[in-house]
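Inspection log for the structure reproduced underneath, given as structure tokens.
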Amino acid sequence: MQARQRPVGELLREWRDRRRISQLDLAISADISTRHLSFVETGRSKPSRDMVLRLGEHLDVPLRERNRLLLAAGFAPAYTETALAEPELDAVRQAVRQLLTSHEPYPAAVVDRNWDLVDANAAVGLFVAGIPPELTTNVLRATLHPGGMAPHIRNLGEWRAHLLGRLRRQVGQTADPGLDELLDELRGYPCDQPVPEVEVPGPGDIFVPLKFRHDGTDLTFFSTVATFGTPLDVTVAELVIESFFPADSATAAYLRERAARVG
């Protein structure tokens, strides 16, 4: 049996509720009447293609979900979803590869919407050495699974809370049931350290560090996250580049020496 196609008005109302925006506020920002918006949400009025796109924009709906809104309203998707290997994304691949390579000898990786590993530089080998291949395909599993990086993370409770918080916010942003399932899975992984409910800085803290032990040496990192600034393709919009930097001079020296040995 085919799943019931939910009406576009019902989906729009769900996104508005998720964003905690009133009908009045959305109507004002989208420059439509509250009456018209109410009729769209209840199915009394069929929105135009432009109206669906406008409401999706003002509700900050991800591009993938905007396509689903359009389909529910009877229109073709507006945003392409191009496989990363296709020629159309040559420039994207080259830009990603340049960012990864230029970041060495420090680790950097690219993940998709599911946190599946898309690409990484050679320095990431420091994190994943000895991890079973079936775990390394997903960055969150590779990090928090007891058979992955977890035994080597000195502040596992703190780093776990940080990653689960990011994933929880992503679930709220995208309403992706697959990510919700991943969150439940990760919560079930064992952790022998306290996991803070709220990230509260200690004295002198300015970021949540990753404290990782490699070959008997304690290393400390902080990370930055980058996305494409003006994506109009679903695949490009969902790529995330995470770059790790040494948080102290000892870690920086270790990484440079390691790169010289390996390279």
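The values are calculated or read from the model by the stated rules, or taken from the named source; none is laboratory data. From a predicted model like this one, the values you see are computed outputs, not experimental measurements. Note: ideal-geometry Cβ built from the backbone for every residue, glycine included; neighbour counts use all protein chains shown.
Within region 16-48, being under 28 Å from the mean Cα position of the chain (by Cα) and either in contact (Cβ under 8 Å) with a residue 60 or more places away in the chain or under 13 Å from ALA72 (Cα atoms) (or both) holds for one residue alone: ARG18. The selection criterion, being more than 25 Å from PRO209 (Cα to Cα) and surrounded by 15 or more Cβ atoms within 10 Å (Cβ to Cβ), holds for LEU84. For VAL124, the conditions (1) free of Cβ contacts under 8 Å to residues at least 24 places away in the same chain; (2) within 24 Å of PRO62 (Cβ to Cβ); (3) surrounded by 15 or more Cβ atoms within 10 Å (Cβ to Cβ) are fulfilled apart from (2).
Of all residues in region 27-41, none are in contact with a Phe, Trp or Tyr (Cβ under 7 Å, 6 or more places away or on another chain) and β-branched (Val, Ile, Thr). Specify the residue that is farthest from LYS211 (Cα to Cα); the eligible residues are those in region 87-119 that are touching a helix residue (DSSP H, G or I) at 6+ places or on another chain (Cβ under 6 Å) and among the small types (Gly, Ala, Ser). It comes out as ALA109. Quick check: anything in region 37-52 within 23 Å of LEU239 (Cα to Cα) and part of a helix (DSSP H, G or I)? Checked against the condition, which is being within 23 Å of LEU239 (Cα to Cα) and part of a helix (DSSP H, G or I), region 37-52 yields no hits at all.
Listed here are the residues, each with its yes/no results for (1) assigned to a helix (DSSP H, G or I); (2) modelled with pLDDT of 95 or more; (3) farther than 16 Å from THR227 by Cβ; (4) among the β-branched types (Val, Ile, Thr).
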position: ALA78; (1), (2), (3), (4): no, yes, yes, no
position: GLN94; (1), (2), (3), (4): yes, yes, yes, no
position: ARG97; (1), (2), (3), (4): yes, yes, yes, no
position: LEU100; (1), (2), (3), (4): yes, yes, no, no
position: ASN114; (1), (2), (3), (4): no, yes, no, no
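Just the residues that are surrounded by 15 or more Cβ atoms within 10 Å (Cβ to Cβ), charged (D, E, K, R) and part of a helix (DSSP H, G or I), please, taken from region 214-258. Passing the criteria: only ARG258.
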